[in-house]
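Below is one structure; the comments refer to it alone.
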Amino acid sequence: MFKKVLIANRGEIALRVIRACKELGVETVAVYSEADRESLHVRFADDDVCIGRAPSRDSYLNIPRLIAAAEITGADAIHPGYGFLAENAEFAEKVSASNIAFIGPSPDQIRQMGDKAAARKLAKEQGVPTVPGSPGPVASPEEGQQVAGEIGFPVIIKAAAGGGGKGMRVANDADQFGQSFTLAKQEALAAFNSDEVYIEKYLARPRHIEIQIMGDTHGKVMHLCERDCSVQRRHQKLVEEAPSPAVDQTLRQDIGDAAVKLAEAIGYVGAGTIEFLLDADGSFYFMEMNTRIQVEHPVTEMCTNFDLVKEQISVAAGAPLSLVMNGHRLRGHAIECRVNAEDPSRNFQPSPGLITAYHPPGGPGVRVDTHIYAGYTVPPYYDSLLAKVIVHGNTRTEALARMRQALDSFIIEGVTTTIPFLGRVMRHPDFVAGKVDTKFLEREPHLLKDQP
Ligand code: ADP
């Protein structure tokens, strides 16, 4: 096992990794920017190093400083968390070249899956269904028009290097195509430094279903069933649950097998997520793989009673998977709501600032993963996630009631939060019935307003 793990991240995920390390008896190093001096991850780690100014490029994205921090403190491993450098192959490579273990897959595996057009190709070769679309990257608008004509409108143009819902544009018809293509390319270049794009058929009302994967260095890959992340805004997840109300045991086995096959094809090591779209007719299509721990991993933890972050660390240290069963049956039902410092009625405008009062919900089956406290100032430089509320119940009905009471009793004052909006989602008849798809919020814009 490692002696000391440096966490190259901040916020709730840094705390999550520190907790796992403490349980494993491993020391921790926090890194922080000048804006994060007062953060809890700094207080709870055994060691801490300031790595630069507030903007992420000067701190959390600065590879030489992160490696220097690990060397100075004698850390023998780095956990990247999610976001920042978690899916950066160059970072993984440089960490390993400095004789420090990277808690995650190999640089090659990150690269293979980081290029979404190449990952689609690999899925096809493995017989895993993909959304109809271009066989690879599309170079010119003319070539794109031809592909779109063949598969039929609407289509979605996606950045090959994409992530976080950026660099994606929908084209409803041939007239719109040229402009959408140009915009997608521009966005892709600005966000990912690569303007490579590919094209997929835009499905009308899909659900987002993803499979949690774990692989070890001894050649074993397993899955821990699905999460349903269909409640989204602008292709970004807001609410996640497990199991999916739309997945039965047969479908679970089929999607799980497809995911394991794909992960096995690249000898995947560590925690990963294979994302699919599930169409109304029950067909599922591979979308992409995320080669890291996900924000929404706790819903899987609650339904499997299994610590994914501890497993990630021990697998990186060379231990075999401790999971005994592939495709665990999920126990009960879990839901996660992402609480952000944002104003839904103003297009989710960020609301940084001082938290003047704070009281988290509690009780049986309620978990809150957060880094905030009364007196903490939410800095304007990073994403606006304040807390994740995760509930577990014996049934979906119980989990829903638990989430409603948890949100209703969650006090955060001083900044505008998405809590009231999430409460309305939890009461919407379609969500209650388990009948939502990725366009749900587009159809129900009144949910964004305080007085529906
Ligand atoms: P990112 O890597 O930016 O997260 P994804 O490829 O995972 O992008 O897609 C994010 C979301 O965009 C999906 O969950 C879904 O809501 C929507 N989406 C992506 N591709 C399609 C498609 N072909 N048809 C319909 N919706 C799609």
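The values are calculated or read from the model by the stated rules, or taken from the named source; none is laboratory data. A quick note: this is a predicted structure, and the numbers were derived from the prediction, not measured. When we count neighbours, we look across all protein chains shown, and the Cβ atoms used for this are built from the backbone with ideal geometry, even at glycine. With ligands, DNA and RNA removed, areas are computed over all heavy atoms of the protein, side chains included. Shrake-Rupley method; radii C 1.70, N 1.55, O 1.52, S 1.80 Å.
Some points to look at:
- The single residue among Arg396, Arg402 that is open to solvent by 50 Å² or more (accessible area, probe 1.4 Å), more than 24 Å from Pro445 (Cα to Cα), at pLDDT 95 or above and not assigned by TED's automatic domain parsing to the domain that holds Arg57 turns out to be Arg402.
- Qualifying residue in the stretch 42-63 (condition: open to solvent by 10 Å² or more (accessible area, probe 1.4 Å), closer than 26 Å to Pro298 by Cβ and of a type in the set (Lys, Arg)): yes
- Residues of the stretch 378-418 that are of a type outside the set (Val, Ile, Thr), over 21 Å from Ala54 (Cα atoms) and in a loop (DSSP other than H, G, I, E, B): Asn394, Ser409, Phe410, Gly414.
- Looking across Ala263, Ala258, Ala271, one residue alone is touching a Lys or Arg at 6+ places or on another chain (Cβ under 9 Å) and small (Gly, Ala, Ser). It is Ala271.
- If you go through the stretch 1-23 and keep only what is in contact with a helix residue (DSSP H, G or I) (Cβ under 8 Å, 6 or more places away or on another chain), open to solvent by less than 10 Å² (accessible area, probe 1.4 Å), among the aliphatic types (A, V, I, L, M) and touching a residue at least 40 places away in the same chain (Cβ under 8 Å), you end up with Val5, Leu6, Ile7, Ala8, Ala14, Leu15, Val17, Ala20.
- All positions within the stretch 95-109 that are in contact with a Phe, Trp or Tyr (Cβ under 9 Å, 6 or more places away or on another chain), in contact (Cβ under 8 Å) with a residue 12 or more places away in the chain and in a helix (DSSP H, G or I): Val95, Pro107, Gln109
- Residues located in the stretch 222-242, provided they are closer than 14 Å to Val299 by Cα and aliphatic (A, V, I, L, M): Leu224, Leu238, Val239, Ala242
- Pick from the stretch 135-158, criterion in contact with a Phe, Trp or Tyr (Cβ under 8 Å, 6 or more places away or on another chain) and away from the ligand (no atom under 15 Å from the Cβ), ranking: least open to solvent (accessible area, probe 1.4 Å): Gly136
- Looking across Glu275, Glu226, Glu240, one residue alone is open to solvent by less than 30 Å² (accessible area, probe 1.4 Å), under 23 Å from Phe421 (Cβ atoms) and within 16 Å of the ligand (Cβ to nearest atom). It is Glu240.
- Every residue from the stretch 159-171 that is in contact with a Phe, Trp or Tyr (Cβ under 9 Å, 6 or more places away or on another chain) and farther than 13 Å from Lys185 by Cα: Gly163, Ala171
- Ala280 vs. criteria surrounded by fewer than 19 Cβ atoms within 10 Å (Cβ to Cβ), among the hydrophobic types (A, V, I, L, M, F, W, C) and on the phi < 0 side of the Ramachandran plot: yes
- Residue in the stretch 189-208 that is closer than 30 Å to Val269 by Cα and either among the basic types (Lys, Arg) or touching a Phe, Trp or Tyr at 6+ places or on another chain (Cβ under 6 Å) (or both) present: yes
- Here Ala184 does not fit the description of being open to solvent by 10 Å² or more (accessible area, probe 1.4 Å) and within 15 Å of the ligand (Cβ to nearest atom).
- Contacts under 6 angstrom Cβ, first residue in the stretch 197-209 being without any contact (Cβ under 8 Å) to a residue 60 or more places away in the chain, partner within 6 Å of the ligand (Cβ to nearest atom), 6 or more apart: Tyr202/Ile156
- Residue match in the stretch 366-381 (condition: open to solvent by less than 20 Å² (accessible area, probe 1.4 Å) and closer than 30 Å to Asp248 by Cα): yes
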